[in-house]
Amino acid sequence: MPLIPATTPSRSPVTPESGRAEALLSIRDLRVDFAVEGRSVAAVQGVSLSVLPGRTTALVGESGSGKSVTALSVLRLLPPSARVGGEIRFEGRDLAGLDEASLREVRGGRVGMIFQEPMTSLNPLHTIGRQIGEAVGLHRPGADARARTLELLDLVGIPDPASRLGAFPHQLSGGQRQRVMIAMALANEPALLIADEPTTALDVTIQSQVLGLLRDLQRRLGMAILLISHDLGVVRHMADKVHVMREGRIVEHGPREEIFAAPSHPYTRALLASAPAGRPDPLDEAAGNLVEARGVRVWFPQGKSFFGRPKSFIKAVTDADLTIRRGESLGVVGESGSGKTTLGLALLRLLPSRGEVVFDGQDLSAMRERQVRDLRRNFQIVFQDPYGSLSPRMTVGQIVAEGLDAHRLASGSDRERRIAEILEAVDLDPSAMHRYPHEFSGGQRQRISIARALILRPEFVVLDEPTSALDRTVQFQIVELLRDLRARFGLTYMFITHDLSLVRALCHRVVIMKDGRIVEQGETAAIFARPGQDYTRALLAAALE
Amino acid sequence: MNPITRRRLRAFRANRRAFWSLWIFLFIFLASLGAELIANDRPLLVWYDGGLYAPVQKKYPETAFGGDFETEAVYRDAYVQELIKAKGWMLWPPIRYSYKTINYDLPVPAPAPPSAENWLGTDDQGRDVLARIIYGVRLSVLFGLTLTLGSSFVGVAVGAFQGYYGGLTDLAGQRFMEIWSGMPGLFILIILASMVEPGFWWLLAVTMLFSWMSLVDVVRAEFLRGRNLEYVRAARALGLPDRIIMFRHILPNAMIATVTFLPFIVSGSITTLTSLDFLGFGLPPGSPSLGELLAQGKNNLQAPWLGLSAFAVLGAILSLLVFIGEGVRDAFDPRHNA
């Protein structure tokens, strides 16, 4: 069965620019409350929106704004603790009134859905052929599932689909997995595709490919898309209509051009101020080298032969050379899997590595673990995930003071004073020390992580994607804080990131990594102006378009 | 108390069956700890000739009460009772038999059926079944708890060590455990028991040889996972020594699995002791033990009160432990919301 003619875009005629056409999906005064430990928490408070056939409506907001809850409530996929009020009409039917059986017809049939995390949305134990075939077979028993699956894989641009049918999800890259998810969602030619952060987990270059694919499919199949995103760059490319959500309410909505050209709500304006301003402070020309790495290599052995020789290696970092001068900020940029985090961990001797790492004239690679441990107060690290990097069982005070205690740097009232000082330095209230991490937001937690690293007064701090798990507006606050702390404490940064706009705002020099190797390094301004490698050019183009 | 602990306590309390099981078990256990005050062949207090005596704590010769012998007074003897009654009184525990007291005044040959004197009858040596059960429960539960504590301590330590260091340490440990667990534990116990006269501590040591492995795998898995957590990596970056990282940062995670297992390990330990006693390779002859009572029930099918009593008590205790275990498991399960 040929795919393209199956859905005729003319089924629901829409005259361009007219909002009067019958809406495919209309949500009116949606309210969702969650029962949490006996209390009721309002997640969505009176949201109304409509999606026209063949058009893209975007729902934009930061984490916790209720946008995903809104999307899930369309297909009634919320957990049982949720109470949903209001009206959701799809193709003229009230979804709230449907029984489970008719609802299943809609789910995956008339409405497809793709989720954010392509790794966990696919079942790791089944081949992708089987998973797509299941989606096909559920709604059309008897159809030739295999032929249809091949057609779908071809449609979403998976090369050589016949050989890919037997592949398991872990054998595909993140971008390919997301394509498979899209293929599953499209299996039954839905009239509406709900895309919940479809590209957030992907690298920038892959992101633009997937977005291009979605646009292309929409044009060919004539389906409507409800796009959920926090990323205004994505929305700018995709949406016809934009709704900005905050704290469960829609604060502003309108056609894309209007929202981007003349945002009326201050929150939208804050979201739109997308690039962190400023450039790094000038560097003292006479500064010497603080960190020197020569030939750093981290290879993880894969499988061993009978005599214990590794059969192959995962080459996470291969022969990396770099130097960081005192007071300098070095950006390390690359896509996921390029080895940038591994390089950072290897420099701090948190991973076993080959090669030479000299810190402040001392050769770390020749030292025993115990000697390194005493030096650790001089080089610290801030991790990416503000939720995973703080022990949930300790108070903020205990977390921040742990380094002080380990190195026996302070005790008694002096210890209290230093905890309070460092919490103030990262703009937290000193009373926070008696509370637990779960009481804080992502941005506040990242401040706690920074405080934990800085209380030891280190000279060198590795920042491993310190802002990538945070909302855009919070990111800028953290970037400002880092800039301020660098000046106050005379820090040297190694800034690991995939976000080139942050590099431009913070880093003197930049290192570009690909497949575990450093492919290019130099002054930030020079690299941005004249990238020497195709890969760098592609990164720049994808990130700063 | 941090909020996680509070939520777990609340979840446990919401599970009525587990909550009541815990209280009943605690009551039985605490009561059995005072077995001497409940079932004894000596009075709790004696008032004799203007003086107060506590025979449970202290031995008094018969001469102290005006008798003839220098040996300890036999308070169940009618002659001694008369002597004391003449110049004072006695306060008896509710059951006037200890686990080793033999009732010589049985109307029928032992084992005697339940009567007003012996509430659950006597065993085939004329000893009161109820008294033996009370003492037997104490011994079994104490054995179970000690064994659990000891083997958890060893198991958690070994699991933590293997999981945290991984690599060769882990490989060697796992291979050793595979070989060690392949040994037929029960037969080794039987062989050892035939060479030495087994006592409480001796039995404990031997059963521990094989029981420490039950927790190693879960703890090891938690540590393998835990050592890659970001806050553990952050602790290493701060320069914390390994033992503090293991103790403060990873062990609390492993404790969930450990605590969940504990009630089940206790019930397993009790079963082990009971089966050894049943086979006759357990505690020395004469000790009050549920297994020995079961064996008597098997040998005296004409006296069903022996087997039934032992079965009911064992069944009750093991069920209580399993109910408690289920409650603990669900309370620690974050998906199981109270």
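The numbers here are math on the coordinates, done by the rules we state, and not lab data. As the structure is a prediction and not an experimental result, all values here were calculated from the model. Cβ placement follows ideal geometry from the backbone for every residue including glycine, while neighbour counts extend to all protein chains displayed.
Could you tally the net charge around B:Phe65, taking each other residue with its Cβ under 15 Å from the Cβ of B:Phe65, Lys/Arg +1 and Asp/Glu -1? Don't jump to the answer; show the numbers that get you there.
Details: positive: B:Arg42, B:Lys58, B:Lys59, B:Arg76, B:Lys85, B:Lys87; negative: B:Asp49, B:Glu62, B:Asp68, B:Glu70, B:Glu72, B:Asp77, B:Glu82.
Charge balance in the 15 Å sphere: -1.
So, in Å, what gap is there between the alpha-carbon centers of the stretch B:94-170 and the stretch A:193-257? Rounded to whole Å, the Cα centres lie 69 Å apart. Taking every Cα-Cα distance in the stretch B:40-107 and sorting them into 10 Å bins starting at zero, the pair-distance distribution P(r) comes out as 20, 58, 21, 1 percent.
With charges only on Cβ, +1 for K and R and -1 for D and E, what is the dipole size of chain B about its Cα centre, in debye, rounded to 20?
Working: 29 positive and 26 negative charges, 384 e Å.
Value, rounded to 20: 1840 debye.
Relative contact order, whole percent, for the stretch A:244-327 stands at 25, derived from Cα pairs under 8 Å and 6 or more residues apart. What is the percent of Cα-Cα separations in the stretch A:250-401 that go past 23 Å? Here the long-distance tail beyond 23 Å is 60 percent of all Cα pairs in the stretch A:250-401. As a calculated quantity, the FRET efficiency between A:Arg530 and A:Asp281 at R0 = 22 Å, using C-beta atoms, amounts to about 0.40.
If only the Cβ of Lys and Arg carry +1 and only the Cβ of Asp and Glu carry -1, the dipole of the stretch A:485-545 around its Cα centre is close to 240 debye. Restricting the calculation to Cα atoms, every distinct pair contributes to the Kirkwood radius of the stretch A:136-287, found to be 18.1 Å. Of the trypsin sites (Lys or Arg not before Pro) found in the stretch A:362-413, those that fall in a DSSP loop while having at most 10 other beta-carbon atoms within 10 Å are A:Arg368, A:Arg408.
In the stretch B:1-123, with Lys and Arg counted as +1 and Asp and Glu as -1 at Cβ, which of these residues, B:Tyr60, B:Leu9, B:Pro94, has the Cα nearest the positive end of the dipole, that is, farthest along it? The Cα lying farthest towards the positive end belongs to B:Leu9. Per the Debye formula on identical point scatterers at the alpha carbon atoms of the stretch A:205-283, with no solvent, log10 I(q)/I(0) at q = 0.11, 0.16, 0.23 Å⁻¹ is -0.38, -0.71, -1.13. Please build a GNM for chain B, connecting alpha carbons under 10 Å apart, and tell me which residue among B:Phe264, B:Phe176, B:Phe278 fluctuates the most. Among B:Phe264, B:Phe176, B:Phe278, the largest GNM mean-square fluctuation belongs to B:Phe176. Counting every pair of alpha carbons in the stretch A:60-217, the share spaced more than 21 Å apart comes to 48 percent. Candidates A:Ser353, A:Gln207, A:Ser163 compared by Cα position along the dipole of chain A: farthest toward the positive end lies A:Ser163, with charges placed on Cβ. Between A:Val36 and A:Gln302, the simple label model (points 7 Å from Cα in the Cβ direction) yields a spacing of 4.2 nm. Once each of the chymotrypsin sites (Phe, Trp or Tyr not before Pro) sitting in a DSSP loop with at most 12 other beta-carbon atoms within 10 Å is removed, chain A keeps A:1-305 as its longest stretch. If you take the alpha carbon atoms of the stretch A:391-522 and fit the smallest convex hull around them, that volume is 128 Å³ per residue.
Quick check on chain B: what does the Kirkwood estimate of hydrodynamic radius come out to from the alpha carbon pairs, in Å?
Details: mean 1/r = 0.0430 Å⁻¹.
Every distinct Cα pair counted, the radius reaches 23.3 Å.
Globularity index of the stretch B:113-192 is 1.84 (Cα radius of gyration / 2.2 N^0.38 Å, N = number of residues).
P(r) for the protein assembly as shown, from all Cα pairs and a bin width of 20 Å, is 11, 32, 30, 17, 8, 1, 0 %, short bins first. Cα extents for the stretch A:345-444 along the principal axes, largest to smallest and rounded to whole angstrom: 44, 30, 23.
Of A:Ile114, B:Ile95, the sequence from fewest to most neighbouring Cβ atoms within 10 angstrom is B:Ile95, A:Ile114. Annotation: the stretch B:236-338 has a Kirkwood hydrodynamic radius of 16.7 angstrom, from the mean reciprocal C-alpha pair distance.
Computed from backbone phi with θ = phi - 60° and the Karplus coefficients 6.51, -1.76 and 1.60, the 3J(HN,Hα) list for the stretch B:216-225 is 4, 5, 5, 5, 4, 4, 4, 6, 4, 6 Hz; x is used for glycine and proline.
If N is the number of residues in the stretch B:271-331, what value comes out of its Cα radius of gyration divided by 2.2 N^0.38 Å?
On the way: Rg = 13.8 Å, N = 61, 2.2 N^0.38 = 10.5 Å.
Relative to the rule-of-thumb radius for its length, the stretch B:271-331 sits at 1.31.
Once you divide the Cα radius of gyration of the stretch B:11-157 by 2.2 N^0.38 Å, the number left is 1.35.
Placing a label point 7 Å from the Cα of B:Leu91 along the Cα-to-Cβ direction, the residues of the stretch B:30-57 with a backbone N closer than 11 Å are B:44-47, B:53-54.
Stokes-Einstein diffusion for the stretch A:44-112, with the hydrodynamic radius set to the Kirkwood value over Cα pairs and evaluated at 20 °C in a medium of 1.002 mPa s, equals 162 µm²/s.
Which of the pairs B:Lys58/B:Lys85; B:Lys59/B:Lys85; B:Lys100/B:Lys298; B:Lys58/B:Lys100; A:Lys241/A:Lys514 have their Cα atoms more than 30 Å apart in this structure?
In this structure, A:Lys241/A:Lys514 exceed 30 Å between Cα atoms.
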